[in-house]
Amino acid sequence: MKFSTLEQIIACCREDQVTIGQLMLNEQIKETGKSRDETFKQMADYYGIMKEAVHRGIHEPVPSKSGLTGGDAVRVHQYMSSGVPALGTDACTALAYALSVSEVNASMGRIVATPTAGSCGIIPGVFVSTQERFGWEDEHLVMGLFSAGAIGYVIANNSFISGAEGGCQAEVGSAIGMAAGALTELRGGTPEQAVHAVGLALKNSLGLICDPVGGLVEIPCIVRNGFGAVTALAASDMALAGVRSVIPSDEVIDVMLEVGTAMPSKHRETAKGGLAQTPTGKKILKDLYGKEGKKLREKGAKAKKDETSD
């Protein structure tokens, strides 16, 4: 890639007279050696998977394999349809869609990691809801994914996208920044405005720990995706209104690296701190292992019986 920072992305876009999405598409073609059609189709296929996950979790409850989560996307969607949510219909739709994709992930359904499985609902929630709202063609959203990819590339190479390395700020935070920046461009914002959206979004996520209850990507991961989608909408609106990230967005990314490095290991996906170690979190963990232990004992007893029969 001919850029490694967000400021370099802006400079490249000015020089080449392209959007961030177009810049990333061109760079991807150079990196892979694939044709423009092949490269675009691959990203279009990813967007198709995102839309499938959105609609699956909205139209049917998708319980997780653990049984801990599932059905919240349907609940929020029904609540939105039956009344006037405080968020308004548009933001509430993004919230419900983000929950949907995250629940599909927890049920072992097919999703696209954006940038990780733990944050897979945010970009689809924002993209699919705004596509329906503004009547955009799929091709427009696919270009948005290239834009999000460029932002994610910079974050990943200058900080973290892994919760195990930098906490949930690295997963959910990065996804919020990617969604906010890409949405700003999709709505006609300049590369400068898109980059400000990234900084605004990331600043609001600094220090967010990764504390999965039971070690599963369910609690509180799924609801954080819902909140993340709404935050991305807010950051994009701020940037389009002319609000600037006073601390340059590249410096915000540097701070995310600093904070994540200083974060105790118990708050980085180990389930040894935070919500995972509350009394209820511990009980859930014990119950989960109890169920698994019972299954293993039953499986072992059956195997022993079969051996005896033979």
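The values are calculated or read from the model by the stated rules, or taken from the named source; none is laboratory data. Note that the coordinates shown come from a computational prediction; the quantities given were computed from them, not determined experimentally. Every residue, glycine as well, gets a Cβ built from its backbone with ideal geometry; the counts of neighbours run over all protein chains shown. Only protein heavy atoms, including side chains, enter the accessible area calculation; ligands, DNA and RNA are left aside. Shrake-Rupley method; radii C 1.70, N 1.55, O 1.52, S 1.80 Å.
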Filtering region 146-167 down to residues that are of a type in the set (A, V, I, L, M, F, W, C) and either open to solvent by 10 Å² or more (accessible area, probe 1.4 Å) or outside any helix (DSSP H, G or I) (or both) yields 156, 160, 161, 164
If I filter region 86-99 for residues that are over 26 Å from residue 182 (Cα atoms), at pLDDT 95 or above and in the same structural domain as residue 146 (by the TED database), do I get at least one hit? no
List pairs: first residue in region 155-170 and closer than 14 Å to residue 221 by Cβ, second residue open to solvent by 20 Å² or more (accessible area, probe 1.4 Å) and part of a helix (DSSP H, G or I) anywhere in the structure, Cβ distance under 6 angstrom, at least six positions apart or on different chains. 163/171; 167/267
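Could you pull out the residue among 167, 177 that is of a type in the set (Gly, Ala, Ser) and more than 11 Å from the chain's Cα centre (by Cα)?
Of 167, 177, the one residue that is of a type in the set (Gly, Ala, Ser) and more than 11 Å from the chain's Cα centre (by Cα) is 167.
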Sort through 30, 65, 41 and tell me the only one that's within 30 Å of residue 213 (Cβ to Cβ), open to solvent by 30 Å² or more (accessible area, probe 1.4 Å), out of contact with any Pro (no Cβ under 9 Å at 6 or more places or on another chain) and assigned by the TED database to the domain that holds residue 192. 65
For region 113-127, how many residues meet the condition of being surrounded by fewer than 24 Cβ atoms within 10 Å (Cβ to Cβ) and either of a type in the set (Asp, Glu) or in a loop (DSSP other than H, G, I, E, B) (or both)? 2
Determine whether region 95-112 contains at least one residue that is free of Cβ contacts under 8 Å to residues at least 12 places away in the same chain, open to solvent by 50 Å² or more (accessible area, probe 1.4 Å) and out of contact with any strand residue (DSSP E or B) (no Cβ under 9 Å at 6 or more places or on another chain). no
Search region 223-253 for residues being of a type in the set (Asp, Glu) and either outside the structural domain of residue 97 (by the TED database) or open to solvent by 80 Å² or more (accessible area, probe 1.4 Å) (or both), and hand back the single one that is nearest to residue 72 (Cα to Cα). 237
